[in-house]
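There's a structure below that I have some questions on.
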Amino acid sequence: MIPDWPSERRRMVDRQLRKRGIRDPRVLDAMLAIPREEFVPHDCRVCSYQDEPLQIAYGQSISQPYMIALMAELLELTGTETVLDVGGGSGYHAAVLGALAARVVCIEIIPALARQAEQNLLRTGLGGNVTVVRGDGSQGWPAAAPYAGISVAAAAPDIPEPLLAQLGDPGRLVIPVGDRRGQELRLIVKSDGGTHDRVATFCRFVPLRGEGGFR
Ligand code: SAH
């Protein structure tokens with residue numbers, strides 16, 4: 001039996017997002033609209049809307065829906081911004097950001113995953129304003145900088161300097177920072193020439209690779 005995806009999505013938005021305090025109506029609408037089942041491996045499609053991360057290829061995972069919604073909400077996007085999505089994976093997170101911003105650059109270090117993200121976005125028709133690039137996102141993607149929002153979906157030992165440099169003013173960066181076992185999800189806000197920083201929650205992401213990642 002084919003699950004009723006729209007009602008699974010609605011249930012996820014109500015139980016996992018609204019109940020836990022996600023309020024931004026644009027984020028809730030985006031999560032209601034994006035078909036997560038189209039971004040997960042075929043054999044775990046029935047798990048698409050479970051309250052947990054989902055394994056994709058190469059030992060990577062798509063974050064739990066709540067984590068993606070929280071990270072998106074923290075960016076306070078209005079629809080006019082250029083956003084950098086570091087750690088493209090399946091392309092799901094990029095699709096959500098694409099619904100919230102004017103333009104998204106989605107960077108992925110594993111070539112096969114970059115291809116997969118691109119194909120998923122193309123197949124679902126959600127890639128119109130998302131550009132998938134291959135490379136080390138810990139160095140950002142200077143060609144499209146500055147970014148009003150930067151979202152990092154892999155754990156970093158520290159905030160990579162190039163990401164701070166490519167963050168616009170005003171700009172907001174969300175990134176899990178810590179060790180391999182656990183991290184703080186940090187929000188860095190740049191405005192009026194200054195930056196401030198706060199911890200939004202605790203989390204556990206797969207490690208960031210590359211220059212600014214774990215060696
Ligand atoms: N946001 C993704 C899943 C993130 S999993 C989704 O919606 O599916 C973390 C991803 O970060 C993995 O795909 C991993 O290959 C990628 N990654 C790790 N280090 C990276 C780096 N330095 N630059 C770009 N991508 C990186």
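Tell me the carbon and sulfur percent of the accessible area for the chain, rounded to whole percent, probe radius 1.4 Å.
Percent of accessible area from carbon and sulfur atoms in the chain: 51.
Relative contact order of the chain, please, whole-number percent, based on alpha carbon pairs below 8 angstrom and at least 6 residues apart.
15 percent
Per residue, how much accessible area does segment 113-202 have with a 1.4 Å probe, in Å²?
I get 47 Å² per residue for this part.
What's the extension gain from Ala165 to Ser191 if we count 0.36 nm per residue and subtract their Cα-Cα distance?
Full extension of this stretch gives 8.0 nm more.
Let me ask something else. Any chance you could tell me what percent of the C-alpha pair distances in the chain go past 25 Å?
Cα-Cα pairs in the chain separated by more than 25 Å: 31 percent.
Give me the distance between the Cα centres of segment 11-76 and segment 113-151, rounded to whole Å.
18 Å
Under a crude label model (7 Å from the Cα following the beta-carbon direction), how far is Gln50 from Arg10 in nanometres?
Roughly 2.4 nm, to one decimal.
Based only on the alpha carbon positions, what is the Kirkwood hydrodynamic radius of segment 23-79, in angstrom?
About 12.2 Å for segment 23-79.
While we're looking at this one, here's another question. Out of all DSSP beta bridges with both ends in the chain, state the antiparallel percent to the nearest 5.
Rounded to the nearest five, the antiparallel share is 50 percent.
Related question: Taking a 1.4 Å probe, which of Asp192, Asp29 shows the most accessible area, and what order do the others take after it?
Asp192, Asp29
The values are calculated or read from the model by the stated rules, or taken from the named source; none is laboratory data. Model, not experiment: these values are computed from the prediction. Cβ sites come from the backbone with ideal geometry, for glycine too, and all protein chains shown count toward neighbours. To get the accessible areas, we keep the full protein, side chains included, count just its heavy atoms, and leave off ligands, DNA and RNA. Shrake-Rupley method; radii C 1.70, N 1.55, O 1.52, S 1.80 Å.
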